[in-house]
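The block underneath contains the structure these notes are about, expressed in C-alpha cells.
Just so you know, all these numbers are worked out from the coordinates, no wet-lab data involved. Note that the structure is predicted; figures quoted are calculated from it, not measured. Cβ placement follows ideal geometry from the backbone for every residue including glycine, while neighbour counts extend to all protein chains displayed.
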Amino acid sequence: MKKNIKFKRLIVIGILIYVIYTLFVQQKTLNAYKNEEKYYNEELSKTKEKNQDLINLKSNLNSTEYITDVAREKLGMYLPNERVYIDVSK
C-alpha cells in the first residue's frame, strides 16, 4: 500500500515538473515571437514611410522646381545671370 502511494506521488510530481517546464519553454517562445513582431512592425513602418516619400517624389518629378534643384545639385547647372557662391572651407 505504501509503495502504491509513493509511486502515485512520484508520478504526480513528475507530471508537475513536466507541466512547469513546458510552461517555461512556451513563455520563452512567446517572448521571442513578441520581439520578432515588434521588429517587423518597425520595419513595416519604415517601409511605409519610405514608400510615401517615393510617392511624393514621383508626383514632383515633372515639376519645374524639382528639375531645377536636380540640375543645380547633381549637374552643376545654374540659371543665366545667377550668382553662385562657392564655400571654399569645405
Mind pulling the angle between the C-alpha long axis of helix 2-60 and the longest principal axis of the chain? Nearest 10 degrees, somewhere in 0 to 90.
10
What size of dipole, in debye to the nearest 20, comes out for the chain about its Cα centre when the only charges are +1 on Lys and Arg C-beta atoms and -1 on Asp and Glu C-beta atoms?
1500
What the Cα atoms of the chain span along the principal axes, largest first and in whole Å, is 110, 35, 12
Given the options F24, N35, Y85, identify the residue whose Cα lies farthest towards the positive end of the charge dipole of region 22-90 (+1 on Cβ of Lys, Arg; -1 on Cβ of Asp, Glu).
F24
CD proxy at 222 nm, helix term only [per DSSP H run n ≥ 4: -39500 (n - 2.57); per residue of the chain; nearest 500]:
-28000 deg cm²/dmol
How far, in degrees from 0 to 90, does helix 64-73 lean away from the longest principal axis of the Cα atoms of the chain, to the nearest 10?
90
